[in-house]
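Read the figures in this text as sums done on the coordinates, not as results from a lab. As the structure is a prediction and not an experimental result, all values here were calculated from the model. Don't worry about glycine lacking a Cβ; one is built from the backbone with ideal geometry, like all the others, and counts go over all protein chains shown.
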Amino acid sequence: MVVVVSLLSAITIFIAGWINRKTSCYISIATLLGQFIASLFILHHVMTIGPIYYRLGGWVPPWGIEYVMDALNAYVLVILLFLGLVCVIYSKRNIEHELPQKVVSFYTIYQLLITGLCGITVTGDIFNMYVFIEITSLSAYALIASRGKIALKASFTYLVLGSIGACFFLLGIGFLYAITGSLNIRDLSLLLPPFYGNKVVLAAFVFFIVGLSIKMALFPLHTWLPDAHAFAPAEISAMLSGIIIEVATYAFIRVAFSVFTPRFLRLLPVFDILCWLGAAAIIIGSILAITQVNLKRMLAYSSVANMGYIVLALGLSISARTAPWGGLNPALMHILNHALMKGCLFLVAGAFIYKADLWYITDFQGLGKKMPYTCAAFVIAAISMIGVPPSVGFASKLYMILASIESGKPIFVAVLLISSLLNLVYFWRIIETMYMKRAEGENHSHASHKAHVQRAEVPLGMLLPIWVLASLCIIMGILWLANVPTPILNQVNAMFRLDMMP
Amino acid sequence: MIDIPEYLRPVVALGCPALGSIFILLFGRRPNLREGVTLLAGLLQFLIVFSMVPTVMSGKTIQSYLFPILPGIHFGFRVDAFGLMFAITASFLWILVSIYSIGYMRALQEHAQTRYYFCFALAIFGAVGVALSGNLVTMYIFYEILTVSTYPLVAHEQSSEALFAGRKYLAYLLTSGVFLLAAIVFTYSMAETTDFSPKGILSLAFSSRSTLIFLFVFFILGFMKAAYFPCHSWLPTAMVAPTPVSALLHAVAVVKAGVFGIVRTVCYIYGIDLMRDLGLGIMLASFAALTMIGASLFAVAQDNLKKRLAYSTISQLSFIIFGVALLSPMGVTGAMIYIPFHGFMKITLFLCAGAILVASGKKNISEMAGIGRAMPITMLAFTVGALGMCGAPPVAGFISKWFLAIGAIQSGQMVFLALLLIASLLDVVYFYPIIRTAFFEKMPQDEVLKEREAKVALFSKKTEIIETRRPLYYFILLPIAITASFSILFCLFPDLFHIYGLAQAAIRDLFWRF
């Protein structure tokens, strides 16, 4: 029953954008709020009663399209809708400022994007998943390009690479269909095991990995990401970094663990390779981030590094088993954490652009006084990225370190720790500029401090989302340490039998 | 006082600075209220911390575990005698330094005072948290809070020099935090717990000797706040901070948190027996001795008073490490009581340095000729502190050095006794010139200080006392007088604040077999 509600709201979204120029924003806020609440109910339902199956059009699964809600996608859905909601509240003021001519089309495409993302998460059919991935990507191309000029080029790069990724994904689906004659995920997982040694299946798996790696911006296939994230409007950057690449990760998890099984994954060294790729992404992403002078580009490279974290955690998931850090826990945890931190940081970057058109780090001198609340939020999110306790970043870092020790790969402990130092370098540089550096001409005597600094804070509609995310960075960090949300993750692990010995 | 259940007391004690910091932010525009909150929070915290003494003295520990972080690790507090000693020191000195700060910051009309008080409260939150933590993970959380919250204080002046100091501070200490985290995680993966236990939690059953020694090196690198050679240079650089910050944080809270961590690791993670088996005691002691003597030599060369004090701190901190590394009951006692005693003495010295800066604007020792006559109370207090540092009898430093010396004899290493005495002698070498300059050299008559010509006029009259010229200065003088007199009282009554008793209780736990 609950799925119907979610589906209905997903469908009403299509209509929402077209209705009225002025109300479009409020309608999308309302629908997203509704969806978010519904998703919470779904999560609760899944946790207490069990997975929900919904057959679209009443067709029986192997032939018809089925929507499945289990702990994994209910969890991702909640994160996704939450960030979507926060960003849409933020966008009200920001879009009026940045894209006054395109308000209606913005919201329309935005809702399409949300629909696509929801679709990817809820679907239980792999071809249907491909369709939703395409919906998501197409609306993302449009949104990135919406600022025009240089953003067009960024969007085009994304379009080309994204399409290649989608092709790979489609090829993988085709191969599997040729072997098994089914597209339903549950059905596939039952039909596939006899074919695990088959070359075609292996090829299909590799196609899936490559295709989704492009979507996930996994190093070295990340090249589209920095431009795309840097030139999109702020809330779209936040969505891109915070959730779109994470949903691609979700698709990856779904394919790897639901279509295939951990048993299959243990046959191949794929996940070891993933670990190394993740580690490389962490280090290189962070180093590239240090070289950036444009805040949003820097954040984008930081996203590359953070995808590295998630992929590394994913790679460790089949070898670490002990409850709190075993299995997919650290990966799923970081999906949420990264959504919070990076969402907050991009929204703050957007606030700087909104208020003073500041893009470059060196221009931030004295912002700490001008925009105290925005900057404070930035500091919280930044120390969270560095991983100072008790923030979310610390929780992720701790769990990943424990997982890599348990897997017997202490080299990744070093990678994780070095990366937190690299994070320190590039975030602290900004904090220092905002608060501590004085502008060139400023008088160094104490009297100048007495001069009243004109505050120029962003409107409440933008500040509120920023602060919701920033405070969640700390609150969730404490909750993670207190193990409040772990039952959800444990259920995911139990579903994929990751908590047992092979 | 309202009766708070015992198991909640550590939480409430930490709540004081945490809530205090929030109120400080809220009252940012009303200085009197803001500083009132600071004082109130400090006072409450001290009372609550002190109220835990009787239970702990009776040999029990107060435990309050809030929630589990990982299997075998709870986020929680376990108040034992040693932790309580550090907590008492930090919270009591916070009150005094707050009073001092009011005088200092207002007299110098410093900027960003709200940020200053806010970060100060957070730093104390971190330091007391470190003291009361029940396991390494909890301790690490507070340790990092302490690191980050101190940065704005170090870089307070916002000049390029201060920014550099701040950057250096973070680079050293967060890097060391990384080592600490690695060490903690490896400990956890071996022992499946990180709770402090008087018997130690690691043993040779878990791993090979070389691994354990390697892990110990990680721990030591992790506690870089202890400012041992060759990782000490952040501390003298950080002296650009306002003096109360140098006083409380770089003589008590921050650096002592590092030393505290080392003592915890040696005594409560490795345990005395394992340390002996591995031969780590000798290694650590030699290492500390190097710092004790080396830092003293560096101190002799400094002209900036605060920098000289900083090197003195580095040297004294290693006395503590040295005491623990002796692994003998008396040595550890000496190390433990050294923490509060040195805290009181060194804070006196720093506060005096600050008072000189406020009243006369002088930073370098060479300019301070004759200042003892212009600021008699301050310089008297300074002399008391300096004597204490050298280990002369009527001051607290004597007691702690006495124990260290006995500890060295107990451990049977006469070389260490010799090193200890040489290092103490060097303390005299770098403190004596300050006192000589201050009291026995003539003040230059034709001194020209630019913005302070009015004061120069006062200076030139021979024995004008400048330290009481403004009512605000009493805020500065009072804490100095209190800490100096405590430094003496601690020698006469070592059990004041139950410091000695607590140390005894801690030793009983640690050396239960002897």
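Numerical summary
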quantity	calculated
Relative contact order for chain B, counting Cα pairs under 8 Å that sit 6 or more residues apart, in percent	15
Debye, to nearest 20: dipole size of chain B, +1 on Lys, Arg Cβ, -1 on Asp, Glu Cβ	620
Cβ-placed point charges (K, R +1; D, E -1), dipole of the protein assembly as shown about Cα centre in debye, nearest 20	1120
Rel. contact order, % - alpha carbon contacts under 8 angstrom, at least six apart, chain A	15
Global size of the protein assembly as shown as Cα Rg and Dmax, reported in angstrom	31.0, 104
Furthest towards positive pole of dipole, B:340, B:77, B:156, structure part chain B, Cβ charges	B:156
Between helix B:473-492 and chain B: long-axis angle, C-alpha atoms, 0 to 90°, nearest 10	50
Neighbouring partner chain Cβ atoms per residue of B:173-185, average, 10 Å criterion	5
MRE, 222 nm, helices only [DSSP H, n ≥ 4, -39500 (n - 2.57), over chain B, to nearest 500]	-23000 deg cm²/dmol
Signed unit charges on C-beta, dipole axis of chain A, positive-most listed residue A:284, A:294, A:487	A:294
Percent RCO, i.e. relative contact order, over the stretch B:280-514, from Cα pairs under 8 Å lying at least 6 residues apart	26
Sequence of B:345, B:224, B:283 once ranked by neighbouring C-beta atoms within 10 Å, starting from the fewest	B:283, B:224, B:345
Peptide-level mean, for A:386-392, of C-beta atoms on other protein chains within 10 Å	5
Cα-based helix-to-principal-axis angle, B:160-191 vs chain B, degrees rounded to 10	10
Sites residue B:233 and residue B:160 - FRET efficiency at Förster radius 25 Å, r taken between beta-carbons, to 0.05	0.90
Net charge dipole size for the stretch B:223-309 [Lys, Arg +1 and Asp, Glu -1 on Cβ; Debye, nearest 20]	240
Projected label distance in nm at residue A:47 and residue A:196, using a 7 Å step from Cα toward the beta-carbon	3.3
Helical mean residue ellipticity (222 nm; -39500 (n - 2.57) per DSSP H run of 4+; nearest 500) of chain A	-24000 deg cm²/dmol
Degrees between helix A:295-316 axis and first principal axis of chain A (Cα, 0 to 90, nearest 10)	30
Dipole of the protein assembly as shown [Lys/Arg +1, Asp/Glu -1 at C-beta], most positive-end residue of B:499, B:98, A:319	B:98
Separation between Cα centres of the stretch B:361-431 and the stretch A:189-243, rounded to whole Å	66
